[in-house]
1. Name the single residue, out of those in region 230-260 being among the hydroxyl-bearing types (Ser, Thr, Tyr) and either without any contact (Cβ under 8 Å) to a residue 24 or more places away in the chain or surrounded by fewer than 24 Cβ atoms within 10 Å (Cβ to Cβ) (or both), that is nearest to residue 29 (Cα to Cα).
2. Which residue pairs have Cβ atoms under 8 Å apart, sit 6 or more places apart or on different chains, and have a first residue in region 30-56 that is more than 19 Å from residue 237 (Cβ to Cβ) and a second that is surrounded by fewer than 18 Cβ atoms within 10 Å (Cβ to Cβ) and among the aromatic types (Phe, Trp, Tyr)?
3. Take the residues in region 135-163 that are surrounded by 11 or more Cβ atoms within 10 Å (Cβ to Cβ) and either without any contact (Cβ under 8 Å) to a residue 40 or more places away in the chain or among the polar types (S, T, N, Q) (or both), then tell me which one is farthest from residue 424 (Cα to Cα).
4. Looking at (1) loosely packed, with under 15 Cβ neighbours inside 10 Å; (2) more than 24 Å from residue 353 (Cβ to Cβ); (3) touching a strand residue (DSSP E or B) at 6+ places or on another chain (Cβ under 7 Å), can you tell me which one residue 58 breaks?
5. Take the conditions of a type in the set (A, V, I, L, M, F, W, C), surrounded by fewer than 18 Cβ atoms within 10 Å (Cβ to Cβ), modelled with pLDDT of 95 or more and out of contact with any Gly (no Cβ under 8 Å at 6 or more places or on another chain) and apply them to residue 177. Does it pass?
6. Within region 61-97, work out how many residues are within 22 Å of residue 380 (Cβ to Cβ) and free of Cβ contacts under 8 Å to residues at least 24 places away in the same chain.
7. Restricting attention to region 308-339, which residues are within 27 Å of residue 264 (Cβ to Cβ), part of a strand (DSSP E or B) and not polar (S, T, N, Q)?
8. Filter region 1-20 for residues that are within 21 Å of residue 200 (Cβ to Cβ) and β-branched (Val, Ile, Thr) and give the result.
Amino acid sequence: MPSLEINYKKLPVTPEEFRLKALAWADTFALVAYYHDHNISYPHDGFRHMLAVSGGATKAFDSVNPFESLRQELQKQDMLCGYLGYDLKNNIEKLDSKNSDGLGFPTMLFFHPEIILYFNEVSITIECSDAYIQNILETILETPAARAAKPKGVNIQQRVSKEAYIAQVEKVRQHILEGNVYELNYCMEFFAENTSIDPLPLYLALSETSPTPFSGYLKFNENYLLCASPERFLKKTGATIVSQPIKGTIKRGTTPEEDAQLRNQLRHDEKELAENMMIVDLVRNDLSRSCATGTVKVEEMFGTYAFKQVWQMISTITGTIKPGKNLLDVLLGAFPMGSMTGAPKISAMQLIEELEATKRGLYSGAFGYITPDQDCDFNVVIRSIQYNAAQKYLSFMVGSAITYDSDPESEYEECLLKAQAMMNVLMSNA
């Protein structure tokens with residue numbers, strides 16, 4: 001596509017004001033995908049800061065064999081923006097999903113952008129067809145900037161009571177005792193029915209409350225993802241694969257001394273270390289299916305990284321794709337991410353379906369993009385609000401990894417900690 005590069009100094013507004021104008025302009029399209037790293041330093045970097053839109057339709061994928069449809073789509077060498085829903089597990093393994101689903105999002109969704117804006121360090125690059133290139137900058141500048149705003153009157157309900165949550169965690173511990181799993185990620189839903197929100201201002205409010213390196217905003221017609229994810233599922237650059245599972249969470253301190261103490265506590269918590277190690281082993285095994293022998297390595301183990309709300313324990317695993325393998329092989333070998341299932345993965349996914357009350361859908365799936373040369377970057381959809389405007393249904397889910405040593409009360413408190421940023425922006429009037 002033709003491209004146009006403009007130095008920020010030549011714009012009549014600040015780079016931040018231009019970004020907010022561009023987001024408001026993009027939101028007039030049927031399809032929008034926005035990726036933002038918030039300039040957070042992160043190993044292997046966060047998302048590339050870009051905004052992609054289309055006035056067309058999403059790609060059609062075969063419901064029986066969506067990955068084969070995706071394989072054919074990749075051969076066209078177009079940019080693709082969208083997501084892989086958690087329930088694609090049913091197309092990879094002999095599994096099913098029958099739990100409650102108030103959102104009704106497609107299991108897999110991608111679109112080919114007609115216009116892409118890349119927010120660089122000193123300039124903005126606009127790629128688009130000839131039909132748009134002449135007046136696109138002027139149109140964006142004429143658009144009133146989007147502003148962060150919190151909704152009023154959203155009545156958030158909890159799908160699983162505290163008592164029921166604790167009972168289910170005890171069931172997980174019993175399954176672990178019986179040897180069915182070693183670890184399981186158990187999640188619960190918070191939701192609001194018959195509610196109206198303005199998704200873009202709410203996304204901006206969520207980003208201010210919880211800036212993360214894998215933040216994103218997705219609009220497909222009347223459906224929305226407002227994402228504040230700190231976790232990368234998979235990045236492919238050439239033949240190099242990077243996966244960065246998060247296992248281990250603790251709150252931030254109110255003073256520098258308390259903050260340092262809490263970070264140290266997380267780094268030396270035996271339960272959190274054991275959780276992280278189990279998932280690292282699972283990811284190594286997943287990547288070894290598509291990576292050359294001897295290339296899968298743990299680049300960093302038990303790294304502790306600060307986010308606005310929490311400290312997270314993050315490990316980084318890398319590998320080199322085998323000759324003859326491609327991106328789809330990597331995705332089929334690694335999806336869904338082990339940090340959101342548990343180990344062994346198939347047994348964990350079977351128990352998740354049995355124990356959880358809500359179909360996960362896009363939650364704990366992966367939002368990202370695939371470039372024309374089949375590089376990609378996908379996050380893990382956590383710390384995210386989803387909204388179906390047609391159904392007026394809003395949802396977010398939180399969870400934690402359960403091991404035999406888990407204390408159900410503590411796991412419940414960890415879930416509430418992870419829900420804090422979403423609750424803060426949704427319950428502003430409380």
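The values are calculated or read from the model by the stated rules, or taken from the named source; none is laboratory data. Since the model is a prediction, treat every value here as computed from it, not as a measurement. Don't worry about glycine lacking a Cβ; one is built from the backbone with ideal geometry, like all the others, and counts go over all protein chains shown.
1. Kept after step one, since they are among the hydroxyl-bearing types (Ser, Thr, Tyr), are these residues of region 230-260: 237, 240, 243, 249, 254-255.
When the remaining residues are screened for being either without any contact (Cβ under 8 Å) to a residue 24 or more places away in the chain or surrounded by fewer than 24 Cβ atoms within 10 Å (Cβ to Cβ) (or both), the result is 237, 240, 249, 254-255.
Details: 237: 30, 240: 34, 249: 37, 254: 42, 255: 44 Å.
That would be 237.
2. 53/29; 54/29; 55/29
3. 139
4. Only one criterion is unmet by residue 58, namely (1).
5. yes
6. So the count comes out to 1.
7. Residues satisfying the conditions are 310, 311, 313, 314, 317.
8. Result: 13, 14.
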